[in-house]
1. Is it true that some residue in the stretch 307-328 is hydrophobic (A, V, I, L, M, F, W, C), surrounded by 16 or more Cβ atoms within 10 Å (Cβ to Cβ) and without any contact (Cβ under 8 Å) to a residue 40 or more places away in the chain?
2. Which residue pairs have Cβ atoms closer than 6 Å, lie 6 or more positions apart in sequence or on different chains, and pair a first residue in the stretch 410-439 that is within 23 Å of PRO104 (Cα to Cα) with a second residue that is at pLDDT below 90 and of a type in the set (Lys, Arg)?
3. Out of LEU294, LEU268, report the one residue that is surrounded by 14 or more Cβ atoms within 10 Å (Cβ to Cβ) and farther than 20 Å from ASN118 by Cβ.
4. Need the failing condition index for ASN259 against (1) under 25 Å from GLY360 (Cβ atoms); (2) touching a residue at least 12 places away in the same chain (Cβ under 8 Å); (3) in a strand (DSSP E or B), just the number.
5. In the stretch 81-103, which residue that is in a helix (DSSP H, G or I) and within 34 Å of the chain's Cα centre (by Cα) is surrounded by the fewest Cβ atoms within 10 Å (Cβ to Cβ)?
6. Have a look at PRO285, PRO213 and point out the one that is more than 13 Å from GLY116 (Cα to Cα) and exposed (fewer than 15 other Cβ atoms within 10 Å of the Cβ).
7. Mind telling me which of the residues TYR114, TYR144, TYR152 ends up being more than 30 Å from PRO329 (Cα to Cα), outside the structural domain of PHE228 (by TED's automatic domain parsing) and not charged (D, E, K, R)?
8. Of all residues in the stretch 149-159, which are under 16 Å from MET236 (Cα atoms) and not in a strand (DSSP E or B)?
Amino acid sequence: MKKLIFILASLCVGLVIGYLVAGAASDQGTASLTESKEDEPLYWVAPMDANFKRDKPGLSPMGMELVPVYADNLAEKEMPGTVRIRSEVVHNLGVKTQAVLFSPLQEQIKAVGYIGFNQDKMMDVHSRISGWVKFVAVGSPGEYVEEGTLLYRVYSPELVNAQEEFIAALKSNNRFLLQASQSKLQSLGVAQRFINELKQAKKIYQDVPVYTPQSGYVGELNLRKGMFINPSIKLMNIGSLDQVWVIAEVFERQAHLINQGDLVEMSLDYLPAKAWSGQVDYIYPVLDKNTRTLQVRIRFDNPDLLLKPDMFASVTILSRPTEPVLSVPSSSVIVTGTQERVVVSLGEGRYKSVEVKAGGRFVDRTVIFEGLYPDDRVVTSAQFLLDSESSLSSDFSRMTPSSMEPIESVWVMAEIQNIDPQKRTLTLAHKAIREWEQPAMTMEVPLAEELDMSPFREGDSIQVLLKGGNMGNLKLIDFVVPRPKAPNSPVGGAL
């Protein structure tokens with residue numbers, strides 16, 4: 001009896017142990033299966049269309065490979081509108097990015113110019129008497145005439161009478177009468193060489209010569225043999241081409257960018273390989289009401305006489321550099337009917353459409369007032385594809401990540417109120433510093449040891465680079481003069 005009880009007890013113990021071992025193995029298998037399932041993708045989605053989902057790999061309607069989506073991806077907290085793309089897809093799409101720059105910008109203003117005579121050296125030729133032209137030495141406009149050479153001959157009863165008075169005075173030996181008659185001839189435009197000839201010949205000439213008053217090229221010519229002339233008729237004008245004027249026409253919207261002294265580059269269609277350099281000499285105060293353009297005058301030396309009046313010229317005016325501003329490539333800005341935005345690269349294949357407040361355009365860059373930070377990178381190629389996906393769910397706001405490291409140095413506009421050479425400090429009234437969440441204020445700032453204090457003047461407005469948001473470690477380490485006197489002069493201190 002005892003033996004039977006022992007056998008039954010042994011069987012029960014074995015069953016219990018077997019059950020426990022089987023249960024443990026079952027739990028281990030279940031855990032392994034669960035872990036395996038967690039490593040598998042939940043589904044596959046099109047890179048450019050989040051609504052196109054499949055339960056296995058394949059191609060999207062655009063012919064791109066579907067991207068796997070894991071449970072970890074869904075658990076991550078992304079900003080609204082964030083698009084995540086694998087590195088090989090980024091390469092296939094040709095996505096390119098550029099950094100947001102904080103620097104001065106300079107505009108290149110393209111304009112059409114018209115070459116003309118230097119009006120400072122232009123002379124209109126009028127007759128001082130009435131008479132008839134007997135001979136003209138100039139055949140056509142454009143001829144070069146030397147000062148003192150014969151220009152034309154004229155018959156005038158007034159000149160004949162003046163000659164008679166002069167010869168009578170010569171014969172009378174009356175010094176006062178001779179002086180008065182000679183002054184009369186001079187006032188009528190008779191050259192001194194002809195008066196000397198009258199003294200020698202003592203006879204009256206019917207045709208009186210008129211000589212060229214200055215050297216130059218004949219512009220207009222209104223003089224013909226046999227015509228009747230009087231002081232109200234402009235016979236011709238004579239101008240020099242050693243230096244010419246170029247009148248450029250600038251659009252009304254660009255008028256505020258032009259300053260006297262701005263550098264200018266000019267080229268001509270008939271000499272495309274040659275360029276001329278000059279400066280804005282004068283800005284006309286009145287806008288042309290028909291063309292809505294502002295005229296700008298530029299002087300160019302013309303020793304080889306390659307610049308000829310009435311030629312067209314292509315003019316490029318380099319405006320003065322602006323203060324340092326945030327800017328992006330103009331190609332990265334997406335303009336819609338209601339907003340302007342860019343696609344920002346968030347790193348690790350993540351992109352997001354962000355609304356920005358854009359300013360003026362300088363050559364190939366656009367000023368950005370709001371929406372971006374100096375260290376951001378924006379997409380310059382394939383941004384429309386990324387924007388079409390991101391804009392479906394994006395809030396278009398640029399949030400500062402909590403993990404972003406504090407900015408150690410920052411540029412800001414400031415006015416120098418006081419200079420202390422002994423302490424090597426400047427009292428600056430600076431604008432608000434957004435990066436440090438610091439309002440506009442006036443404070444004393446020490447200078448870095450390598451900076452020279454001599455360029456600083458009280459009352460000057462300069463762009464300064466401050467280092468250390470902590471007031472105890474604050475220091476001025478660099479500066480830039482935002483508006484130099486001439487565009488080609490050096491700006492700033494250590495830059």
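1. No, because not a single residue in the stretch 307-328 is hydrophobic (A, V, I, L, M, F, W, C), surrounded by 16 or more Cβ atoms within 10 Å (Cβ to Cβ) and without any contact (Cβ under 8 Å) to a residue 40 or more places away in the chain.
2. VAL412/LYS431; MET413/LYS431
3. LEU294
4. Tallying (1) under 25 Å from GLY360 (Cβ atoms); (2) touching a residue at least 12 places away in the same chain (Cβ under 8 Å); (3) in a strand (DSSP E or B), ASN259 fails exactly one: (3).
5. Ranking the qualifying residues of the stretch 81-103, first place goes to HIS91.
6. Of PRO285, PRO213, the one residue that is more than 13 Å from GLY116 (Cα to Cα) and exposed (fewer than 15 other Cβ atoms within 10 Å of the Cβ) is PRO285.
7. TYR114
8. The one that is under 16 Å from MET236 (Cα atoms) and not in a strand (DSSP E or B): THR149.
The values are calculated or read from the model by the stated rules, or taken from the named source; none is laboratory data. All values reported here derive from a predicted model rather than from experimental measurement. With ideal geometry, Cβ positions are generated from the backbone for all residues, glycine too; neighbour counts draw on all protein chains shown.
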